Amino acid sequence: MKRAALICVLVLLAGLAGCSSSSKHLAYVTSPTSNSISAFRVSNHSGKFTPVIGSPFPAGSSPTSIVLDPADKFAYAANQTGNDISLFKIDNSTGGISEIRPRTPAGIGPAALAMDSGGAFLFAANVSSSDISIYSINAGTGALTEVAGSRFALPSGASPAALTVSPSGKYLYVASSTLGLVFGYSIGSGGALQEVQSPVAVGSGPFSLAIDPGEHFVYVANSLSDTISVLSLDASTGTLTALPNSPFTAGNNPISLAIDSAGKFLYVANLGGNNVSAFALDSSTGVPTELTTPKSPFAAGTRPVFITIDSTGKFVYVANENSRDISAFTIDSTTGGLTNGGIAASLGSGPSWIATTK
Amino acid sequence: MGLELVRRGCFTAGYSIQVVDTQEIPKLRMKKHPPLNANGVCAALRHAGCKTISLVIFLSSMVLSHFAMAQEIPRAQLFGGYSYTRFDSPTLGFANPSNLSGFNISPAFNLAYGFGVKAELTGQYGSKLNVRDVTVGPQFLYPRGRALFFAHALFGDSRSFVRVGTGEGDTARAIVLGGGVDLDVSPRFAFRAVQVDYVRTTLFSTTQNNVRISTGLVYRWHTIRRRGHKPTLSSP
């Protein structure tokens, strides 16, 4: 009897001590107006955000975009008015980040970042100087080194607002928000860009690009024409061809895109509609069909500017600029429908970008 | 059935006493005691990196069976020793709970037989965060032979500093609920075999549920005897 009681006490103490390891990952959110980056520990199970102590962390001047290296050791933030890139070391145990100086110079107005899946190169879209900064990444230190051929010039006035690297890491696509064009480049072994074709016309005001995991289609959010362009991608050459019925009708000011890891669903943050549209993707034709059951769109916060699917593939997070918060949605993996999980986090200033660790 | 106090040999700095049925003594001499079958629990604890907890609880379990009747408690006590805290740092965004080590200093003054007041000052230190608590409250004591069991409820403040980013500090309320057992080593000294506390703090606007385990030495002054009973231990 006494022995059984003792064992019960031991088990109770083990539980109280919280011996089990956690199953969480991290999310980093840029806030350009406060020159800071907020950090959160995110539950893999519930998607709940817990602020990391010390957050928000000081960053550069107007950090607009943030990407993480594949090992989740480093974070890179594009400082749009600082005209440089900040490197941060991630402390996975605490969730904190600490900047490693000096900052790496970029072009004028770096507004968006993209990294290849292998973590070899980082690309920055300089919206004001209309060029692309290209950096090789030291996997050990995270340090950036500008490659030969950087900054890669775009046509005058192109104002690149978005860019993305294909899953294979072979191609880079850049959207010109002012010209309504998408540029395609092959990425050389040293990071140099080679144009694969003449730019492809899309809708008005393209501000976001997304490529399906199979690397068959490129989706473009045309924010000023309320449409989504779909371009078929030739994986052998990198060339793009618009689908016959492209562009497709979307919500009010589609501004940001995210595709689930299976390539079955496309989620679009609508800046003017304050909501998120969900589309089912035809895996063979690439055609997006807006969900009717459950009915898309799904309400978000005020002025959503960025959307992402977290590393678990179970949750969608939306950065709402005017309501200064992060909306959370749970994905129904069967229907693609979203269940609004409310406000995952409130911020002191408007968020612009979200990056999550694995 | 008669009872006899049997010396079982040295236990740390002193010796322990076990209550046995005198009719069972021949049997005890004939066969060995079966070992405590808590291997599964110990393995789970070790797997979770809780070796310290396992060790302290194992020691306490060995001690708890070694007691007999006594009818006095010390008037005043001063405890000092090692302290381990499993801090609920996921509430601060950490990936896992933090293992903190440090000290526990605790003076107590017993107002009556079985009841006193206690203060506790603890400092716990880890690679990323430090926590210091100052708490005061009542304690309740129950002597059994050379063992003195106690329980307490302490209230006060907790001060924490976290080395993340530029560093963050906070002070908040702390509640400590727990107890333990002291074993006589000499009239002046006792060995605190174990003290286990649940420590609730509200640092950085979140609530932490922490576990603290302490062990060390207790220095004692004078005694309070229970009315109507003669002392079984010599008093300083």
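Give the separation of the Cα centroids, region A:329-358 to region A:263-280, in Å. The two parts, judged by their Cα centres, are 12 Å apart. Across region A:60-69, coupling constants 3J(HN,Hα) worked out from phi with the 6.51/-1.76/1.60 Karplus curve, θ = phi - 60°, read x, 8, 6, x, 9, 9, 9, 9, 10, 6 Hz, and Gly and Pro carry x.
Using the Cβ of residue B:183 as centre and a radius below 11 Å, the other residues enclosed give a net charge of +1, where K and R count +1 and D and E count -1.
A simple charge model with +1 on the Cβ of Lys and Arg, -1 on the Cβ of Asp and Glu and nothing else charged puts the dipole of region A:68-181 at about 80 debye relative to its Cα centre. Charge dipole of region A:208-358 (Cα centre as origin; +1 on each Lys and Arg Cβ, -1 on each Asp and Glu Cβ, all else neutral): 320 debye, rounded to the nearest 20. Only Cα pairs under 8 Å and 6+ residues apart enter the sum, and on that basis the relative contact order of region A:181-311 stands at 17 percent.
Taking a sphere under 13 Å around the Cβ of residue B:105 and counting the other residues whose Cβ falls inside, with K and R at +1 and D and E at -1, yields a net charge of +1.
Estimated purely from DSSP H runs of n ≥ 4, each contributing -39500 (n - 2.57), the mean residue ellipticity at 222 nm for chain A is -1500 deg cm²/dmol once divided by its residues. Checking the a/c ratio against 1.5 first, then a/b against b/c, what shape does the Cα gyration tensor give for region A:34-73? Oblate shape, in that a/c is at least 1.5 and b/c is the bigger or equal ratio.
Site pair residue A:261 and residue A:141 shows an inter-label distance of 3.3 nm when each label is modelled 7 Å from Cα along Cα→Cβ.
Summing Lys, Arg as +1 and Asp, Glu as -1, what charge do residues with Cβ under 14 Å from the Cβ of residue A:306 carry, residue A:306 excluded? Net of charged neighbours comes to -1.
Judged by the ratio a/c of the largest to the smallest principal axis of the C-alpha gyration tensor, region A:102-208 counts as prolate, that ratio being 1.5 or greater while a/b is larger than b/c.
Could you give the dipole magnitude of chain A about its Cα centre, charging the beta-carbon of Lys and Arg +1 and that of Asp and Glu -1, in debye to the nearest 20?
Dipole magnitude for chain A comes out near 1180 debye.
How would you classify region A:289-329 from its alpha-carbon gyration tensor, with a ≥ b ≥ c the square roots of the eigenvalues: rounded for a/c under 1.5, else prolate if a/b is greater than b/c, otherwise oblate? Verdict is oblate for region A:289-329. Once backbone amide H atoms are built at 1.01 Å from N, residue A:306 has A:319 as its partners under 5 Å, excluding neighbours fewer than 5 places away on the same chain. Entry note, chain A: relative contact order of 11 percent, from Cα contacts under 8 Å with a spacing of 6+ residues. Each Cα pair under 8 Å and six or more residues apart adds its sequence gap; the mean of these over the residue count of region B:72-225 is a relative contact order of 25 percent.
Here r is the Cβ-Cβ distance between residue A:232 and residue A:98 and R0 is 51 Å; the resulting FRET efficiency, rounded to 0.05, is 0.70.
For helix A:2-16, what angle does its Cα long axis make with the longest principal axis of chain A, in degrees from 0 to 90 and rounded to 10? So the inclination is approximately 30 degrees. Working from label points 7 Å from Cα in the Cα-to-Cβ sense, the residue B:155 to residue B:82 distance is 3.4 nm.
Taken together, the values in this text are just the output of simple stated rules run on the coordinates, not laboratory data. Since the structure is predicted, the reported quantities are computational estimates derived from the model, not experimental observations. Note: ideal-geometry Cβ built from the backbone for every residue, glycine included; neighbour counts use all protein chains shown.
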